[in-house]
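Scroll down for the structure; my scribbles are underneath it.
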Amino acid sequence: MEIILGIGLFSLIILMCLFFACMYLLKAYYGFTESKEEKQNPMMSCYVCEKSISKTAKMCPHCGEHYGDANNTSYPVFDVIATLFFLFFAFAALMYLIEIIQKN
């Protein structure tokens, strides 16, 4: 019973890690943050007053809401590092699963 639970648990962990690794890799490669139309439009709506402002604006000229550098920043390096982390974790879980199977 413990072996079946262990195999099932580690199989689930491996699948989840591979899923998240694929998602982060796709996000880093394709940049799923915005659609093509949103990338081509240089304007966006202010989150507070909903008036049109530039995507590169650090502050809304109408209401004064601060955006800083965070409103148009993408972190593909983080996505690649997260992908490598999840792949490593999946590999470690797979090696442990193989070890469990070989012992029994």
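Data table
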{"quantity": "Count of residues meeting criterion [modelled with pLDDT of 80 or more and either closer than 15 Å to SER11 by Cα or charged (D, E, K, R) (or both)] in the range 68-92", "calculated": "7"}
{"quantity": "Residues located in the range 1-49, provided they are in a loop (DSSP other than H, G, I, E, B) and either in contact with an Asp or Glu (Cβ under 8 Å, 6 or more places away or on another chain) or modelled with pLDDT of 75 or more (or both)", "calculated": "ASN41, PRO42, CYS46, TYR47, VAL48, CYS49"}
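The values are calculated or read from the model by the stated rules, or taken from the named source; none is laboratory data. Predicted model only: the values in this text are computed from it and were never measured. As a convention, Cβ positions derive from the backbone with ideal geometry for all residues, glycine included, and neighbour counts pool all protein chains shown.
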